[in-house]
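The values are calculated or read from the model by the stated rules, or taken from the named source; none is laboratory data. This one's a predicted model, so the numbers in the text were calculated from it and none came from an experiment. Glycine also receives a Cβ, built like all others from the backbone with ideal geometry; neighbour counts cover every protein chain displayed. These accessible areas exclude ligands, DNA and RNA; they are computed on the full protein's heavy atoms, side chains included. Shrake-Rupley method; radii C 1.70, N 1.55, O 1.52, S 1.80 Å.
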Amino acid sequence: MNSAAAARPFGLRDKIGYAFGDFGNDFTFILSSTFMMLFYTNVMGISSTAVGVLMMASRFLDAFTDVTMGRLIDRARPTEEGRFRPWLKRMCGPVAIASFLIYQSGLAGMPYWFKLVWMTVTYILWGSVFYTAVNIPYGSMASAISGAPRHRAELSVWRTVGATLAGLAIGFGTPLFAYVTAENGAQILSGPRMTLIAGLFSIAAVVCYLLCFHLTRERVETPPSKGKQAAFSAMVKSVGSDRALLGIILAAILLLLAMLGMGGMAGYMFPIYYQKPAGQSAATLLGSLVVLGVCVPFAVPLAERFGKKEVSIAACLFGAVCYGVCWWARPQSVWAYVGYYTAAYMGLGFFNTLVWAMITDVIDNAQVREGVRRDGTIYAVYSFARKVGQALSSGMVGWLLGAIGYSQAVQYDPWAHPQVMDGMFSLSCLIPVAGLTAVAVVLWLVYPLNKERVRANARKLAGGQQENHN
(Lines give C-alpha, C1' and ligand atoms only; values in the text may rest on other atoms or scores of the structure.)
Protein backbone atom coordinates (compact mmCIF):
# COMPACT_ATOMS: atom_id res chain seq x y z
CA MET A 1 0.00 0.00 0.00
CA ASN A 2 2.06 2.93 -1.30
CA SER A 3 -0.15 5.51 0.38
CA ALA A 4 0.68 4.13 3.84
CA ALA A 5 4.22 5.44 3.82
CA ALA A 6 3.11 8.84 2.51
CA ALA A 7 0.19 9.29 4.91
CA ARG A 8 0.26 12.30 7.21
CA PRO A 9 1.42 11.59 10.79
CA PHE A 10 -1.04 10.18 13.31
CA GLY A 11 -2.82 12.95 15.15
CA LEU A 12 -6.01 14.48 16.52
CA ARG A 13 -7.76 14.28 13.14
CA ASP A 14 -7.51 10.47 13.20
CA LYS A 15 -8.78 10.28 16.76
CA ILE A 16 -11.78 12.49 16.04
CA GLY A 17 -12.50 10.57 12.84
CA TYR A 18 -12.33 7.23 14.63
CA ALA A 19 -14.71 8.54 17.29
CA PHE A 20 -17.22 9.39 14.55
CA GLY A 21 -17.12 5.76 13.42
CA ASP A 22 -18.52 4.44 16.69
CA PHE A 23 -20.84 7.43 16.86
CA GLY A 24 -22.32 6.09 13.62
CA ASN A 25 -22.33 2.50 14.84
CA ASP A 26 -24.20 3.30 18.01
CA PHE A 27 -26.88 5.44 16.42
CA THR A 28 -28.35 2.11 15.30
CA PHE A 29 -26.82 -0.31 17.81
CA ILE A 30 -27.75 1.50 21.05
CA LEU A 31 -31.20 2.27 19.65
CA SER A 32 -31.65 -1.46 19.05
CA SER A 33 -30.25 -2.65 22.38
CA THR A 34 -32.19 -0.06 24.42
CA PHE A 35 -35.50 0.42 22.63
CA MET A 36 -36.17 -2.38 20.14
CA MET A 37 -37.58 -4.85 22.69
CA LEU A 38 -39.60 -2.07 24.29
CA PHE A 39 -40.93 -1.04 20.86
CA TYR A 40 -42.00 -4.54 19.88
CA THR A 41 -43.53 -5.43 23.27
CA ASN A 42 -45.29 -2.14 23.99
CA VAL A 43 -46.14 -0.88 20.47
CA MET A 44 -46.26 -3.91 18.20
CA GLY A 45 -47.68 -6.33 20.80
CA ILE A 46 -45.00 -9.03 20.36
CA SER A 47 -44.10 -11.08 23.45
CA SER A 48 -40.80 -10.29 25.15
CA THR A 49 -39.82 -13.94 24.85
CA ALA A 50 -40.26 -13.88 21.04
CA VAL A 51 -38.15 -10.72 20.72
CA GLY A 52 -35.47 -12.20 22.95
CA VAL A 53 -35.36 -15.44 20.94
CA LEU A 54 -34.93 -13.46 17.70
CA MET A 55 -32.11 -11.37 19.15
CA MET A 56 -30.31 -14.45 20.38
CA ALA A 57 -30.79 -16.49 17.20
CA SER A 58 -29.67 -13.68 14.90
CA ARG A 59 -26.50 -13.12 16.90
CA PHE A 60 -25.58 -16.79 16.51
CA LEU A 61 -26.10 -16.33 12.78
CA ASP A 62 -23.28 -13.82 13.07
CA ALA A 63 -20.93 -16.76 13.70
CA PHE A 64 -20.97 -17.10 9.92
CA THR A 65 -21.34 -13.50 8.76
CA ASP A 66 -18.71 -12.03 11.11
CA VAL A 67 -16.14 -14.67 10.28
CA THR A 68 -16.87 -14.41 6.56
CA MET A 69 -16.39 -10.66 6.70
CA GLY A 70 -13.15 -10.97 8.67
CA ARG A 71 -11.69 -13.45 6.19
CA LEU A 72 -12.82 -11.31 3.26
CA ILE A 73 -10.95 -8.33 4.71
CA ASP A 74 -7.81 -10.33 5.50
CA ARG A 75 -7.60 -11.79 2.00
CA ALA A 76 -8.50 -8.64 0.03
CA ARG A 77 -5.82 -6.48 -1.55
CA PRO A 78 -5.57 -2.97 -0.05
CA THR A 79 -6.70 -0.08 -2.23
CA GLU A 80 -5.30 3.44 -2.30
CA GLU A 81 -7.91 4.25 0.38
CA GLY A 82 -6.73 1.37 2.55
CA ARG A 83 -7.98 -2.11 3.40
CA PHE A 84 -10.68 -1.17 5.92
CA ARG A 85 -11.86 2.41 5.30
CA PRO A 86 -13.64 1.78 1.96
CA TRP A 87 -16.19 -0.46 3.67
CA LEU A 88 -17.47 2.48 5.72
CA LYS A 89 -18.41 4.31 2.53
CA ARG A 90 -19.88 1.22 0.86
CA MET A 91 -22.13 0.02 3.68
CA CYS A 92 -23.24 3.14 5.58
CA GLY A 93 -26.42 3.50 3.50
CA PRO A 94 -27.65 -0.12 3.75
CA VAL A 95 -27.12 -0.36 7.52
CA ALA A 96 -29.00 2.91 8.11
CA ILE A 97 -31.96 1.93 5.93
CA ALA A 98 -32.26 -1.52 7.53
CA SER A 99 -32.28 0.03 11.01
CA PHE A 100 -35.05 2.46 10.06
CA LEU A 101 -37.21 -0.35 8.68
CA ILE A 102 -37.20 -2.15 12.03
CA TYR A 103 -39.28 0.60 13.71
CA GLN A 104 -42.31 0.86 11.43
CA SER A 105 -45.19 1.56 13.81
CA GLY A 106 -47.62 1.81 10.89
CA LEU A 107 -47.57 -1.98 10.77
CA ALA A 108 -48.85 -2.39 14.35
CA GLY A 109 -52.32 -3.30 13.10
CA MET A 110 -51.09 -6.12 10.86
CA PRO A 111 -51.57 -9.80 11.80
CA TYR A 112 -49.26 -11.16 14.48
CA TRP A 113 -47.49 -13.52 12.06
CA PHE A 114 -46.75 -10.65 9.67
CA LYS A 115 -45.21 -8.54 12.45
CA LEU A 116 -43.04 -11.49 13.50
CA VAL A 117 -41.80 -11.96 9.94
CA TRP A 118 -41.17 -8.24 9.46
CA MET A 119 -39.27 -8.01 12.74
CA THR A 120 -37.19 -11.08 11.89
CA VAL A 121 -36.23 -10.07 8.34
CA THR A 122 -35.41 -6.43 9.08
CA TYR A 123 -33.48 -7.23 12.26
CA ILE A 124 -31.34 -9.90 10.57
CA LEU A 125 -30.63 -7.65 7.59
CA TRP A 126 -29.56 -4.86 9.91
CA GLY A 127 -27.49 -6.81 12.45
CA SER A 128 -26.22 -9.97 10.75
CA VAL A 129 -25.57 -8.55 7.28
CA PHE A 130 -25.11 -4.78 6.99
CA TYR A 131 -23.93 -3.92 10.51
CA THR A 132 -21.38 -6.74 10.28
CA ALA A 133 -20.15 -5.42 6.93
CA VAL A 134 -19.36 -2.00 8.42
CA ASN A 135 -18.43 -2.86 12.02
CA ILE A 136 -15.80 -5.56 11.36
CA PRO A 137 -13.74 -3.28 9.06
CA TYR A 138 -14.19 -0.34 11.43
CA GLY A 139 -12.96 -2.27 14.46
CA SER A 140 -10.06 -3.86 12.57
CA MET A 141 -8.99 -0.45 11.26
CA ALA A 142 -7.48 0.68 14.60
CA SER A 143 -4.44 -1.56 14.17
CA ALA A 144 -3.83 -0.09 10.69
CA ILE A 145 -4.15 3.57 11.71
CA SER A 146 -1.08 3.27 13.94
CA GLY A 147 1.23 0.56 15.21
CA ALA A 148 2.11 2.38 18.46
CA PRO A 149 0.46 0.91 21.62
CA ARG A 150 -0.22 4.38 23.06
CA HIS A 151 -1.86 5.56 19.84
CA ARG A 152 -4.08 2.49 19.86
CA ALA A 153 -5.04 3.15 23.47
CA GLU A 154 -5.92 6.72 22.48
CA LEU A 155 -8.04 5.41 19.60
CA SER A 156 -9.83 3.14 22.07
CA VAL A 157 -10.52 6.16 24.28
CA TRP A 158 -11.81 8.22 21.37
CA ARG A 159 -13.96 5.33 20.22
CA THR A 160 -15.51 5.40 23.68
CA VAL A 161 -16.07 9.14 23.28
CA GLY A 162 -18.00 8.49 20.07
CA ALA A 163 -20.05 5.71 21.63
CA THR A 164 -20.76 7.85 24.70
CA LEU A 165 -21.97 10.79 22.62
CA ALA A 166 -24.24 8.50 20.62
CA GLY A 167 -25.54 6.98 23.83
CA LEU A 168 -26.16 10.48 25.17
CA ALA A 169 -28.09 11.50 22.05
CA ILE A 170 -30.21 8.34 22.14
CA GLY A 171 -30.55 7.76 25.87
CA PHE A 172 -31.16 11.39 26.80
CA GLY A 173 -33.25 12.58 23.87
CA THR A 174 -35.37 9.53 23.08
CA PRO A 175 -37.17 9.17 26.46
CA LEU A 176 -38.03 12.87 26.49
CA PHE A 177 -39.67 12.69 23.06
CA ALA A 178 -40.87 9.10 22.64
CA TYR A 179 -43.45 8.89 25.45
CA VAL A 180 -46.98 10.26 25.72
CA THR A 181 -49.10 10.46 28.86
CA ALA A 182 -52.29 8.37 29.04
CA GLU A 183 -55.50 9.60 30.72
CA ASN A 184 -54.60 7.78 33.96
CA GLY A 185 -51.12 9.36 33.96
CA ALA A 186 -49.26 6.27 32.71
CA GLN A 187 -46.30 6.88 30.40
CA ILE A 188 -46.88 5.13 27.04
CA LEU A 189 -44.30 4.64 24.29
CA SER A 190 -45.49 6.32 21.06
CA GLY A 191 -45.02 4.21 17.94
CA PRO A 192 -45.09 7.08 15.39
CA ARG A 193 -42.57 9.03 17.44
CA MET A 194 -40.24 6.02 17.57
CA THR A 195 -40.44 5.69 13.78
CA LEU A 196 -39.47 9.34 13.36
CA ILE A 197 -36.62 8.98 15.87
CA ALA A 198 -35.28 5.91 14.04
CA GLY A 199 -35.28 7.81 10.75
CA LEU A 200 -33.37 10.76 12.19
CA PHE A 201 -30.80 8.50 13.82
CA SER A 202 -30.28 6.58 10.57
CA ILE A 203 -29.47 9.82 8.74
CA ALA A 204 -27.07 10.81 11.53
CA ALA A 205 -25.35 7.39 11.28
CA VAL A 206 -24.59 7.89 7.57
CA VAL A 207 -23.09 11.32 8.23
CA CYS A 208 -20.86 9.95 11.02
CA TYR A 209 -19.58 7.02 8.93
CA LEU A 210 -18.61 9.36 6.10
CA LEU A 211 -16.80 11.68 8.52
CA CYS A 212 -14.87 8.68 9.86
CA PHE A 213 -13.90 7.70 6.32
CA HIS A 214 -12.65 11.17 5.39
CA LEU A 215 -10.81 12.01 8.62
CA THR A 216 -8.81 8.81 9.20
CA ARG A 217 -5.85 7.27 7.36
CA GLU A 218 -4.34 3.78 7.36
CA ARG A 219 -0.56 3.73 7.91
CA VAL A 220 0.36 0.14 8.85
CA GLU A 221 0.80 -2.13 5.83
CA THR A 222 -1.14 -5.39 6.16
CA PRO A 223 -0.53 -7.66 3.15
CA PRO A 224 -3.30 -10.06 2.07
CA SER A 225 -3.47 -13.34 3.99
CA LYS A 226 -2.47 -16.46 2.09
CA GLY A 227 -2.24 -20.14 2.84
CA LYS A 228 -1.83 -20.69 6.56
CA GLN A 229 -2.96 -17.16 7.38
CA ALA A 230 -6.28 -17.57 5.57
CA ALA A 231 -7.17 -20.85 7.27
CA PHE A 232 -9.78 -19.89 9.82
CA SER A 233 -9.95 -23.46 11.10
CA ALA A 234 -6.41 -22.98 12.44
CA MET A 235 -7.57 -19.76 14.10
CA VAL A 236 -10.48 -21.52 15.78
CA LYS A 237 -8.16 -24.25 17.09
CA SER A 238 -5.84 -21.64 18.54
CA VAL A 239 -8.61 -19.98 20.60
CA GLY A 240 -8.48 -22.70 23.24
CA SER A 241 -4.70 -22.39 23.57
CA ASP A 242 -4.55 -18.59 23.36
CA ARG A 243 -5.46 -17.43 26.87
CA ALA A 244 -5.42 -13.78 25.84
CA LEU A 245 -8.00 -14.29 23.09
CA LEU A 246 -10.09 -16.63 25.23
CA GLY A 247 -9.97 -14.21 28.15
CA ILE A 248 -11.03 -11.17 26.14
CA ILE A 249 -13.83 -13.20 24.50
CA LEU A 250 -15.24 -14.28 27.88
CA ALA A 251 -14.86 -10.78 29.30
CA ALA A 252 -16.62 -9.28 26.26
CA ILE A 253 -19.60 -11.60 26.63
CA LEU A 254 -19.93 -10.86 30.34
CA LEU A 255 -19.45 -7.10 29.84
CA LEU A 256 -22.31 -7.03 27.36
CA LEU A 257 -24.51 -9.01 29.77
CA ALA A 258 -23.94 -6.32 32.38
CA MET A 259 -24.02 -3.24 30.15
CA LEU A 260 -26.94 -4.19 27.91
CA GLY A 261 -28.79 -5.69 30.86
CA MET A 262 -28.57 -2.25 32.49
CA GLY A 263 -29.67 -0.52 29.29
CA GLY A 264 -32.45 -2.97 28.54
CA MET A 265 -33.91 -2.78 32.03
CA ALA A 266 -33.61 1.03 32.11
CA GLY A 267 -36.28 1.20 29.40
CA TYR A 268 -38.68 -0.50 31.82
CA MET A 269 -37.49 0.85 35.18
CA PHE A 270 -37.72 4.59 34.57
CA PRO A 271 -40.99 4.97 32.60
CA ILE A 272 -42.84 2.03 34.21
CA TYR A 273 -41.44 1.29 37.71
CA TYR A 274 -40.71 4.92 38.64
CA GLN A 275 -43.12 6.51 36.10
CA LYS A 276 -40.36 9.02 35.26
CA PRO A 277 -39.06 8.80 31.67
CA ALA A 278 -37.00 11.90 32.47
CA GLY A 279 -35.07 9.77 34.94
CA GLN A 280 -33.73 7.70 32.06
CA SER A 281 -32.60 10.86 30.30
CA ALA A 282 -30.92 12.09 33.49
CA ALA A 283 -29.18 8.73 34.05
CA THR A 284 -27.91 8.73 30.47
CA LEU A 285 -26.71 12.33 30.74
CA LEU A 286 -24.89 11.78 34.04
CA GLY A 287 -23.46 8.44 32.92
CA SER A 288 -22.15 10.06 29.74
CA LEU A 289 -20.66 12.98 31.66
CA VAL A 290 -18.92 10.58 34.03
CA VAL A 291 -17.44 8.65 31.11
CA LEU A 292 -16.33 11.82 29.31
CA GLY A 293 -15.18 13.65 32.43
CA VAL A 294 -13.60 10.79 34.41
CA CYS A 295 -13.06 7.65 32.34
CA VAL A 296 -11.82 9.26 29.11
CA PRO A 297 -9.20 11.62 30.60
CA PHE A 298 -7.92 9.17 33.22
CA ALA A 299 -8.16 5.77 31.49
CA VAL A 300 -4.93 6.01 29.48
CA PRO A 301 -2.78 7.54 32.28
CA LEU A 302 -4.04 4.92 34.74
CA ALA A 303 -3.45 2.15 32.20
CA GLU A 304 0.06 3.45 31.53
CA ARG A 305 0.84 3.35 35.26
CA PHE A 306 -1.01 0.22 36.41
CA GLY A 307 -1.94 -1.67 33.22
CA LYS A 308 -5.19 -2.03 31.28
CA LYS A 309 -6.02 -5.37 32.85
CA GLU A 310 -5.40 -4.15 36.38
CA VAL A 311 -7.47 -0.95 36.00
CA SER A 312 -10.35 -2.87 34.38
CA ILE A 313 -10.57 -5.41 37.23
CA ALA A 314 -10.78 -2.69 39.89
CA ALA A 315 -13.33 -0.68 37.90
CA CYS A 316 -15.66 -3.63 37.31
CA LEU A 317 -15.63 -4.60 40.99
CA PHE A 318 -16.48 -1.00 41.91
CA GLY A 319 -19.49 -1.06 39.56
CA ALA A 320 -20.71 -4.37 40.98
CA VAL A 321 -20.53 -3.03 44.54
CA CYS A 322 -22.56 0.07 43.57
CA TYR A 323 -25.43 -2.01 42.21
CA GLY A 324 -25.23 -4.42 45.14
CA VAL A 325 -25.76 -1.52 47.54
CA CYS A 326 -28.66 -0.27 45.38
CA TRP A 327 -30.38 -3.67 45.54
CA TRP A 328 -29.97 -3.72 49.33
CA ALA A 329 -31.12 -0.10 49.83
CA ARG A 330 -34.05 -0.34 47.36
CA PRO A 331 -34.43 3.46 46.86
CA GLN A 332 -37.95 4.80 46.46
CA SER A 333 -36.74 8.01 44.81
CA VAL A 334 -35.95 7.85 41.12
CA TRP A 335 -33.10 10.33 41.63
CA ALA A 336 -31.43 8.07 44.20
CA TYR A 337 -31.64 5.22 41.68
CA VAL A 338 -30.10 7.53 39.06
CA GLY A 339 -27.19 8.12 41.48
CA TYR A 340 -26.49 4.41 41.88
CA TYR A 341 -26.79 3.90 38.12
CA THR A 342 -24.32 6.71 37.44
CA ALA A 343 -21.74 5.47 39.95
CA ALA A 344 -21.91 1.91 38.59
CA TYR A 345 -21.64 3.21 35.04
CA MET A 346 -18.35 4.88 35.90
CA GLY A 347 -16.89 1.50 36.89
CA LEU A 348 -18.18 -0.11 33.72
CA GLY A 349 -16.97 2.87 31.69
CA PHE A 350 -13.28 2.40 32.54
CA PHE A 351 -13.23 -1.14 31.16
CA ASN A 352 -15.34 -0.18 28.16
CA THR A 353 -12.92 2.67 27.41
CA LEU A 354 -9.87 0.39 27.46
CA VAL A 355 -11.28 -2.79 25.91
CA TRP A 356 -10.69 -1.72 22.30
CA ALA A 357 -7.00 -1.18 23.06
CA MET A 358 -6.95 -4.57 24.77
CA ILE A 359 -8.07 -6.36 21.61
CA THR A 360 -5.16 -4.79 19.70
CA ASP A 361 -2.92 -6.15 22.48
CA VAL A 362 -4.42 -9.58 21.81
CA ILE A 363 -3.69 -9.22 18.08
CA ASP A 364 -0.08 -8.29 18.84
CA ASN A 365 0.25 -11.19 21.27
CA ALA A 366 -0.99 -13.65 18.65
CA GLN A 367 1.54 -12.30 16.16
CA VAL A 368 4.36 -12.75 18.68
CA ARG A 369 3.21 -16.31 19.44
CA GLU A 370 2.48 -17.52 15.90
CA GLY A 371 4.49 -15.28 13.60
CA VAL A 372 1.46 -14.23 11.53
CA ARG A 373 -0.93 -11.29 11.84
CA ARG A 374 -4.70 -11.72 11.52
CA ASP A 375 -6.26 -8.35 12.39
CA GLY A 376 -9.54 -8.92 10.55
CA THR A 377 -10.01 -12.55 11.57
CA ILE A 378 -9.21 -12.03 15.26
CA TYR A 379 -11.41 -8.94 15.39
CA ALA A 380 -14.20 -10.94 13.73
CA VAL A 381 -13.91 -13.63 16.42
CA TYR A 382 -13.96 -10.94 19.11
CA SER A 383 -16.90 -9.17 17.46
CA PHE A 384 -18.80 -12.44 17.36
CA ALA A 385 -18.15 -12.87 21.07
CA ARG A 386 -19.60 -9.42 21.70
CA LYS A 387 -22.64 -10.32 19.66
CA VAL A 388 -23.06 -13.48 21.72
CA GLY A 389 -23.08 -11.18 24.74
CA GLN A 390 -25.65 -8.96 23.03
CA ALA A 391 -27.76 -11.99 22.18
CA LEU A 392 -27.57 -13.49 25.64
CA SER A 393 -28.38 -10.16 27.30
CA SER A 394 -31.35 -9.53 24.99
CA GLY A 395 -32.62 -13.07 25.37
CA MET A 396 -31.97 -12.97 29.11
CA VAL A 397 -33.86 -9.71 29.63
CA GLY A 398 -36.77 -10.93 27.50
CA TRP A 399 -37.01 -14.30 29.22
CA LEU A 400 -36.64 -12.88 32.72
CA LEU A 401 -39.31 -10.25 32.07
CA GLY A 402 -41.56 -13.03 30.83
CA ALA A 403 -40.73 -15.10 33.90
CA ILE A 404 -41.84 -12.34 36.30
CA GLY A 405 -45.08 -11.95 34.33
CA TYR A 406 -44.45 -8.78 32.31
CA SER A 407 -46.87 -8.13 29.42
CA GLN A 408 -48.02 -5.22 27.28
CA ALA A 409 -50.85 -4.52 29.76
CA VAL A 410 -48.45 -3.75 32.65
CA GLN A 411 -47.46 -0.35 31.22
CA TYR A 412 -51.07 0.93 31.52
CA ASP A 413 -51.38 0.28 35.30
CA PRO A 414 -47.98 -0.80 36.64
CA TRP A 415 -48.65 -0.99 40.38
CA ALA A 416 -51.67 -3.20 39.87
CA HIS A 417 -48.94 -5.83 39.37
CA PRO A 418 -46.75 -5.47 42.50
CA GLN A 419 -44.95 -8.79 42.04
CA VAL A 420 -43.93 -7.78 38.52
CA MET A 421 -42.64 -4.45 39.83
CA ASP A 422 -40.63 -6.12 42.61
CA GLY A 423 -39.12 -8.57 40.14
CA MET A 424 -38.31 -5.74 37.73
CA PHE A 425 -36.33 -3.87 40.39
CA SER A 426 -34.36 -6.96 41.43
CA LEU A 427 -33.48 -7.76 37.82
CA SER A 428 -32.26 -4.20 37.18
CA CYS A 429 -29.71 -4.53 40.02
CA LEU A 430 -28.68 -8.18 40.06
CA ILE A 431 -27.99 -8.51 36.31
CA PRO A 432 -25.12 -5.95 36.39
CA VAL A 433 -23.86 -7.23 39.78
CA ALA A 434 -23.44 -10.73 38.35
CA GLY A 435 -22.04 -9.55 35.01
CA LEU A 436 -19.45 -7.09 36.34
CA THR A 437 -18.24 -9.46 39.04
CA ALA A 438 -17.77 -12.20 36.46
CA VAL A 439 -15.82 -9.83 34.15
CA ALA A 440 -13.38 -9.06 36.98
CA VAL A 441 -12.90 -12.74 37.78
CA VAL A 442 -12.22 -13.65 34.12
CA LEU A 443 -9.71 -10.82 33.67
CA TRP A 444 -7.94 -11.83 36.87
CA LEU A 445 -7.81 -15.60 36.31
CA VAL A 446 -7.84 -16.07 32.51
CA TYR A 447 -6.62 -12.96 30.67
CA PRO A 448 -2.77 -12.94 30.88
CA LEU A 449 -1.83 -9.62 29.24
CA ASN A 450 -0.75 -7.55 32.20
CA LYS A 451 1.22 -4.34 31.94
CA GLU A 452 4.64 -6.00 31.64
CA ARG A 453 3.66 -8.53 28.99
CA VAL A 454 2.00 -5.91 26.77
CA ARG A 455 5.15 -3.80 26.83
CA ALA A 456 7.34 -6.84 26.11
CA ASN A 457 5.23 -7.73 23.05
CA ALA A 458 5.43 -4.16 21.78
CA ARG A 459 9.23 -4.22 22.05
CA LYS A 460 9.44 -7.51 20.15
CA LEU A 461 7.22 -6.30 17.33
CA ALA A 462 9.05 -2.96 17.08
CA GLY A 463 12.35 -4.83 16.81
CA GLY A 464 10.96 -7.07 14.09
CA GLN A 465 9.73 -4.09 12.07
CA GLN A 466 13.17 -2.45 12.28
CA GLU A 467 14.81 -5.67 11.02
CA ASN A 468 12.37 -5.84 8.11
CA HIS A 469 13.15 -2.23 7.11
CA ASN A 470 16.86 -2.94 7.36
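Relative protection proxy for 166-173, 423-430, from highest mean packing down: 166-173, 423-430 (other beta-carbon atoms within 10 angstrom).
When the solvent-accessible area of the chain is split by element, carbon and sulfur atoms take up 66 percent of it, the probe being 1.4 Å. In terms of the mean number of neighbouring beta-carbon atoms within 10 Å, the peptides 271-279, 348-356 order highest first as 348-356, 271-279.
Cα centroid separation, the stretch 392-410 to the stretch 147-223: 26 Å. With contacts taken as Cα pairs under 8 Å at a separation of at least 6 residues, the chain carries a relative contact order of 28 percent. Working from label points 7 Å from Cα in the Cα-to-Cβ sense, the V207 to Y112 distance is 4.1 nm.
Here the chain is assigned +1 on the Cβ of each Lys and Arg and -1 on the Cβ of each Asp and Glu. Its dipole about the Cα centre then comes out at about 1160 debye. With a Förster radius of 56 Å, plug the Cβ-Cβ distance of I16 and A416 into 1/(1 + (r/R0)^6) and report the FRET value to the nearest 0.05. That pair, I16 with A416, gives E of 0.65. Would you list which aspartates and glutamates come within 16 Å of K308, measuring only between C-alpha atoms, while excluding same-chain residues fewer than 8 positions from it? Result set, ordered by chain and number: E154, D361, D364, E452. A straight chain from L61 to V325 at 0.36 nm per residue would run longer than the Cα-Cα distance by 91.3 nm. Please tell me which of these pairs span more than 32 angstrom C-alpha to C-alpha: K387/K451; K89/K387; K276/K451; K89/K460; K309/K387? Flagged as over cut-off: K276/K451; K89/K460. Working from label points 7 Å from Cα in the Cα-to-Cβ sense, the H214 to R455 distance is 4.2 nm.
Here the translational diffusion coefficient of the chain follows from Stokes-Einstein with Rh set to the Kirkwood radius across Cα pairs; for 10 °C and 1.306 mPa s it amounts to 71 µm²/s.
Its Cα gyration tensor gives the stretch 1-148 an equivalent ellipsoid; the semi-axes, largest first and in whole Å, are 35, 15, 12. If R0 is taken as 22 Å, the Cβ-Cβ distance between A314 and V446 corresponds to a FRET efficiency of 0.85. Once the Cβ-Cβ distance of Q332 and R8 is raised to the sixth power relative to R0 = 45 Å, the FRET efficiency obtained is 0.20.
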